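Asks: Below: one structure in structure tokens.
What follows is calculated from the coordinates using simple rules that are stated; it is not laboratory data. Nothing here was measured: the structure is a model prediction, and the numbers come from that model. Cβ atoms come from the backbone with ideal geometry, glycine included; neighbour counts cover every protein chain shown.
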Amino acid sequence: MYSAEELLPRARELAERFAHGASGALGLIKRDLNRALGVDLETALDYESYQQEIAGQTDDYREAITAFFEKRPPSFASTRAPGAEPAPGSGGSGASG
């Protein structure tokens, strides 16, 4: 919890972190959260697993790993994760990104 005076600066700080983050991964997270609202736990976890496969194949993932081992901040470039579509057999009824 933040006081009224702290709320806006903290919200801007968080927005700044998101703006410089891996936007493709953030899109996948948003899609996962929206989809999880309308399905059972097992289905949500299956979809999350599928999305993790997608995220692990991106340039942003490789950059994050490289930056970690080089002990430097990552420099993310992609704007969305490739292949970020509904999981096979999901009926395509997931929330759009």
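Asks: Evaluate the charge dipole of the range 23-82 about its Cα centre and quote only its size in Debye, nearest 20, assuming +1 on the Cβ of each Lys and Arg and -1 on the Cβ of each Asp and Glu.
Replies: The calculation lands at about 320 debye.
Asks: Right, something else. What distance in nm separates the two pseudo spin-label positions at Asp40 and Phe18, each 7 Å out from Cα along the beta-carbon direction?
Replies: 3.2 nm
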